[in-house]
Amino acid sequence: MSLDKEFEGDVVGERIDFDLRRTGEIAGIVNSMGDIDALVNNAAVLFCDPVDAIAEEHRREILAVNLEAPAALIAAVAPRMRERRSGRIVNVSSVAAFTGHPDLWYGVTKAGLLNLTKAWARALGPHGVLVNAVAPGPTKTRMYDQLPQSRRDDTMRSVYSGRVCEPEEVAAAILWLGIACPEYVNGTTLDVNNGSYPR
């Protein structure tokens, strides 16, 4: 997992490798990066454990990476964004937030991320900072590749276009919220799921 910092000028970016399970160290990392104009919380883990046999270490990692780390990152960037009266935060949730998802703690964290989005939008909106979320459906990533074939088949039956989302399509939605959307779009969730609400 990494944090990427963009610069103006000749340097196009810097990659900082960091284990997001170390949530207590996030504020220090963020504070070392200077002003941040946009934060995208995209990191997530999923293990496909049966709902009645979830390993404790899996539960802890899902909670840390999918929910506690985004919360810590937002809390770390918020003071400077509030002070500058500028900034955008985009949280990557999932269609899993809206259903009784078979990966219990994955679904719980993605639903929690939407509440986190609305809470911070309410807190930062008066200071000119936008906090929104995207909720993608099945997307062609390594996470999708680890799903059992039966889950993929079930999801595909509900997708209007009959295909998996391309990562670039989700990225375009994130870019719009992170750079171009009107300032009145705040505290919202943009569905990028093509009808794919898993059962």
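The values are calculated or read from the model by the stated rules, or taken from the named source; none is laboratory data. Remember, predicted model here, so these are calculated numbers, not experimental data. Every residue, glycine as well, gets a Cβ built from its backbone with ideal geometry; the counts of neighbours run over all protein chains shown.
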### Query
Which pairs do you get when a residue that is assigned to a helix (DSSP H, G or I), found in segment 56-81, comes within reach of a residue that is buried (at least 23 other Cβ atoms within 10 Å of the Cβ) and acidic (Asp, Glu), reach meaning Cβ atoms under 9 angstrom, with the pair 6+ apart or on two chains?
Ile62/Asp103
### Matching residues, segment 66-111, being closer than 25 Å to Arg152 by Cβ, surrounded by fewer than 20 Cβ atoms within 10 Å (Cβ to Cβ) and not polar (S, T, N, Q)
Phe98, Gly100, Pro102, Leu104, Val108, Ala111
### Task
Return the residue satisfying two criteria in turn: it lies in segment 73-106 and is at pLDDT below 95 and over 23 Å from Glu57 (Cα atoms), and of such residues it is farthest from the chain's Cα centre (by Cα).
Thr99
### Summary
Restricting segment 163-172 to residues that are assigned to a loop (DSSP other than H, G, I, E, B) and in contact with a strand residue (DSSP E or B) (Cβ under 9 Å, 6 or more places away or on another chain), the one modelled with the lowest pLDDT turns out to be Val164
#### Entry: Matching residues in segment 105-137 - criterion: being under 19 Å from Val65 (Cβ atoms), in contact (Cβ under 8 Å) with a residue 40 or more places away in the chain and not aliphatic (A, V, I, L, M)
Trp105, Tyr106, Thr109, Lys110, Gly112, Thr117, Trp120, Pro136
### Query
Is at least one residue of segment 143-162 farther than 14 Å from Asn91 by Cα, under 14 Å from the mean Cα position of the chain (by Cα), in contact (Cβ under 8 Å) with a residue 40 or more places away in the chain and outside any loop (DSSP other than H, G, I, E, B)?
yes
